[in-house]
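Below: one structure, written as structure tokens.
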Amino acid sequence: MSEKKDSELKDKIVRAIKTVFDPEIPVDVYELGLIYDIQINSGNNIHILMTLTSPNCPAAETIPADVKNRVEMIKEINEVEVEITFDPPYSQELMSEEAKLELGFM
């Protein structure tokens, strides 16, 4: 796949992820900095490496499932794997400026 098509597909993936919100915070998981990496592999299989705001996050089951479901809705995508990691641990520095503004950190 060409770099242009990969870039377009990655943009679609990011837009899909931005529709998933942490139920306790009025900011999407992408702007919160929970998405560490998005890989587009052969056959348009997608691997998403993400974290949660805490290992004890009440939405630990639903957020990754929502991310997977939203990305799977993109017609060009074959399979989606969402991997959770806590390395490096989540911190507020990972948030976008937009998220920090929304939450009053700036």
Taking the residues in region 21-49 that are of a type in the set (Gly, Ala, Ser) and more than 20 Å from Ser96 (Cα to Cα) as candidates, determine which candidate is surrounded by the fewest Cβ atoms within 10 Å (Cβ to Cβ).
Ser42
Considering each of Leu9, Leu101, Leu52 in turn, give the residue that is part of a helix (DSSP H, G or I), among the hydrophobic types (A, V, I, L, M, F, W, C) and buried (at least 17 other Cβ atoms within 10 Å of the Cβ).
Leu9
Are there any pairs with C-beta distances below 8 angstrom linking a residue in region 38-62 that is at negative phi to a residue that is in a strand (DSSP E or B) and surrounded by fewer than 11 Cβ atoms within 10 Å (Cβ to Cβ), with the two at least 6 apart or on different chains, and if so which?
His47/Asp37; Ile48/Asp37; Leu49/Asp37
Of all residues in region 12-29 being without any contact (Cβ under 8 Å) to a residue 60 or more places away in the chain and in a loop (DSSP other than H, G, I, E, B), the one that is nearest to Ser91 (Cα to Cα)
Val29
Quick check: anything in region 55-62 under 30 Å from Glu3 (Cα atoms) and either loosely packed, with under 13 Cβ neighbours inside 10 Å or not aromatic (Phe, Trp, Tyr) (or both)?
no
Residue that is surrounded by the most Cβ atoms within 10 Å (Cβ to Cβ) [pool: residues in region 70-90 that are outside any loop (DSSP other than H, G, I, E, B) and of a type in the set (A, V, I, L, M)]
Val71
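The numbers here are math on the coordinates, done by the rules we state, and not lab data. Keep in mind that this is a model prediction, so the values were computed, not measured. Using ideal geometry, Cβ is built from the backbone for each residue, glycine included, and neighbour counts are taken over all protein chains shown.
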